[in-house]
1. Taking the residues in segment 26-49 that are charged (D, E, K, R) and under 24 Å from the mean Cα position of the chain (by Cα) as candidates, determine which candidate is surrounded by the most Cβ atoms within 10 Å (Cβ to Cβ).
2. Consider Thr28 carefully, then state whether it is in contact with a strand residue (DSSP E or B) (Cβ under 9 Å, 6 or more places away or on another chain), over 20 Å from Pro2 (Cα atoms) and either not assigned by TED's automatic domain parsing to the domain that holds Met1 or not charged (D, E, K, R) (or both).
Amino acid sequence: MPVLRISAKGQIVIPAATRKRLGIRPGTYCHLHVQDGVLHIIPRPENIVESLRGRFRHCGSLTEDLLRERALDNEREERKYQRMFGPQRETVSEKP
């Protein structure tokens with residue numbers, strides 16, 4: 001395990017082998033996280049959106065969830081309308 005020394009300015013040098021293994025290049029942003037007295041340096045991906053792709057795959061289809069929620073909203077609105085105005089309501093048919 002490499003030993004690092006902190007400079008007078010609070011800087012450290014990450015060894016070249018470690019930078020290469022983690023893909024850290026000049027200008028790479030990193031997150032710092034302290035947990036139980038241990039400093040964790042976590043490189044931030046260059047393309048954050050791309051790095052999250054597939055992360056929520058196990059959660060199911062968000063589109064299907066949204067469509068189900070909208071159908072429930074429509075049913076609630078229809079019941080509310082019928083309570084207020086009765087069952088006579090014009091519906092707009094969808095075009096084929």
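The values are calculated or read from the model by the stated rules, or taken from the named source; none is laboratory data. Everything quoted here is computed from the prediction, not taken from an experiment. Don't worry about glycine lacking a Cβ; one is built from the backbone with ideal geometry, like all the others, and counts go over all protein chains shown.
1. Within segment 26-49, the first condition is being charged (D, E, K, R), and the residues that meet it are 36, 44, 46.
Adding the requirement that they be under 24 Å from the mean Cα position of the chain (by Cα) leaves 44, 46.
On the way: Arg44: 10, Glu46: 12.
Going through the qualifying residues, I end up with Glu46.
2. Values: in contact with a strand residue (DSSP E or B) (Cβ under 9 Å, 6 or more places away or on another chain): yes; over 20 Å from Pro2 (Cα atoms): yes; either not assigned by TED's automatic domain parsing to the domain that holds Met1 or not charged (D, E, K, R) (or both): yes.
Criteria met by Thr28.
The rows are residues; the columns are (1) of a type in the set (A, V, I, L, M, F, W, C); (2) free of Cβ contacts under 8 Å to residues at least 12 places away in the same chain.
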position	(1), (2)
Arg5	no, yes
Ile14	yes, no
Arg19	no, yes
His33	no, yes
Arg55	no, yes
Leu67	yes, yes
